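In what follows, a structure is listed as structure tokens, so that the remarks can point back to it.
What follows is calculated from the coordinates using simple rules that are stated; it is not laboratory data. The shown structure was predicted, so the numbers you read here are calculated from the model rather than taken from an experiment. With ideal geometry, Cβ positions are generated from the backbone for all residues, glycine too; neighbour counts draw on all protein chains shown.
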Amino acid sequence: MFESLSDRLEGAFKTLKGESKLTEINIAQSVKEIRRALVAADVNYKIAKEFTDKVKDKALGQENVLKAVRPGELMVKIVMDELVELMGGQAAGINLNGSPTVILIAGLQGSGKTTFSGKLSLFLKEKRKKKPLLVACDVYRPAAINQINVLGEQVGVPVYTEPENKNPVEIALKAIAHAQETNRDVVIVDTAGRLSIDEAMMKEIANIKEAIQPNETLFVVDSMTGQDAVNTAKAFNDVINYDGVVLTKLDGDTRGGAALSVKYTVGKPIKFVSTGEQMDTLDVFYPDRMAQRILGMGDIVSFVEKAQEQFDEEEAKRLEKKIKRNKLDFNDFLSQIYQIRKMGDLKSLMKMIPGMNKMTRDLDIDDKALNRVEAIIQSMTPQERENPEVLNMSRKKRIAMGCGQTMDDINRFIKQFDQMRKFMHKMSKTPGMGGMPGAGM
Ligand code: GDP
């Protein structure tokens, strides 16, 4: 995410390396590089200029104070604060106070509206303990109804559709009545999009909004489209005056322009970011965490939150007991792999750890290592998984055949597993050191 912007900003701070204090000259040089970095990230020149003017003023004001802090570090702090400000300062919540709460989803076709609707319903169900209802109001693409039905089933949320009805206002109103009857407390209305903005589309979405009076209107936009995303966001806001923006496809190699300039240009906050096609890849947008990531400081808060979400206390206790008895088996190992997987892919997890962002690019960290271990364990019989001791030569040979790996691979893994098991057992006996590192994560 935003790698080239991070690299360029790092270069801008490096211009201050070796300088003993901030001066008008070195500030000007560094600020010029920062502006270039922003423009290259597809931030509009006017915004980039205003941003760097502010950074410059702040830096000039700091010329002679704080002698203990190096000029480069000071500049990072100033840019960090300004980035947070540019992206809206505080995180913006969504209004869930209706009964039922009605959320209208708008955006161009292909922006990721339907995918987001599915993700939002899962988010509200799991994290806010709500009972959502998804509504298909795209009356133009028959495939859209099918798509939302599939997503609804995937996340376990009911879907309201009327395949024969071509009137989206009517469908939305009936869906809200249906939600009241069936005790659903949030109605997520997914609307039709066109490939580009046109008058008929704008009129339709404005009509729907007028009729259903949503508590929250969210505009979904593809971050890969950069400046265009910002322009589209502005055009939609002029017509429907939405409450917040959802940026999708941040997992792609998007340059960052949309995330940085939407709030400034449209005046509406980014509320969610979407980072994948899977239903659980939705995050609340926090300007400070995003700024930290852009500046290569990682996002340790999100990392810990993800870990906490997956933390299963019962499972951790169960494992602790097994470790103490030196009875850890391959099933336990496999369940740990699944827990890690639930948090996301390894590389993006590593990136959240401060200082790791750059390293992950050079290192060959991928999920293949986990896949290999998983394949080995899956080729074992239930008896072997529960009793690692029974693995003799012929069993190992069979496992190697089963998972398409060599005997060396199998032996190496079993040896590592054995060492780990011994180590953990030993640790569990040392006072104050009980438990498995990352148990239950
Ligand atoms: P809609 O026409 O606005 O409803 O868009 P869809 O929800 O159908 O999404 C269009 C395509 O983008 C689909 O192939 C989605 O799987 C994909 N997509 C949606 N959100 C994301 C995202 O955050 N990351 C990635 N990589 N793909 C996404």
Dipole magnitude of the range 101-297 about its Cα centre (Cβ charges: Lys, Arg +1; Asp, Glu -1), debye to nearest 20:
520
As a check on your grasp of the helix formula, calculate [θ] at 222 nm for the chain: sum -39500 (n - 2.57) over DSSP H runs of n ≥ 4, divide by the residue count, round to the nearest 500.
-18000 deg cm²/dmol
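DSSP loop trypsin sites (Lys or Arg not before Pro) in the range 19-80 with at most 12 other Cβ atoms within 10 Å of their Cβ, which ones?
Details: sites: K21, K32, R35, R36, K46, K49, K54, K56, K58, K67, K77; in loops: K21, K67.
Hits after loop and neighbour filter: K67.
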For K125, net neighbour charge (Lys/Arg +1, Asp/Glu -1) across residues whose Cβ lies under 12 Å away:
+4
Listed residues T217, T15, T406, most fluctuating in the chain (Gaussian network, C-alpha, under 10 Å):
T406
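About its Cα centre, what dipole magnitude does the chain give when the only charges are +1 on Lys and Arg Cβ and -1 on Asp and Glu Cβ, stated in debye to the nearest 20?
Details: 65 positive and 61 negative charges, 328 e Å.
Magnitude of the dipole: close to 1580 debye.
How charged is the neighbourhood of L295? Take every other residue with its Cβ under 10 Å from the Cβ of L295, and add Lys/Arg as +1 and Asp/Glu as -1. Walk me through the numbers on the way to the answer.
Details: positive: K77, R293; negative: E10.
With Lys, Arg at +1 and Asp, Glu at -1, the neighbours total +1.
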What length, rounded to one decimal in nm, is gained on full extension from K46 through to I337, with 0.36 nm per residue of separation minus their alpha-carbon distance?
100.0 nm
Arrange the peptides 181-190, 89-98 so that the one whose residues have, on average, the most other Cβ atoms within 10 Å appears first.
181-190, 89-98
Apply the Debye scattering formula to the range 186-301, with a single equal point scatterer on each alpha-carbon and no solvent, then give log10 I(q)/I(0) at q = 0.10, 0.11, 0.21 Å⁻¹.
-0.31, -0.38, -1.27
Taking the Cα-to-Cβ direction at D418 and at S394 and moving 7 Å from each Cα, how far apart do the two end points lie in nm?
2.0
Top of F123, F51, F333 by mean-square fluctuation, Gaussian network on the chain, Cα under 10 Å
F333
Qualifying GluC sites (Glu not before Pro) for the range 81-176 [loop in DSSP, other Cβ within 10 Å: at most 15]
E164
Dipole check, the chain, charges on Cβ (K,R +1; D,E -1), about Cα centroid: among P168, L133, S196 the Cα furthest to the positive pole belongs to L133
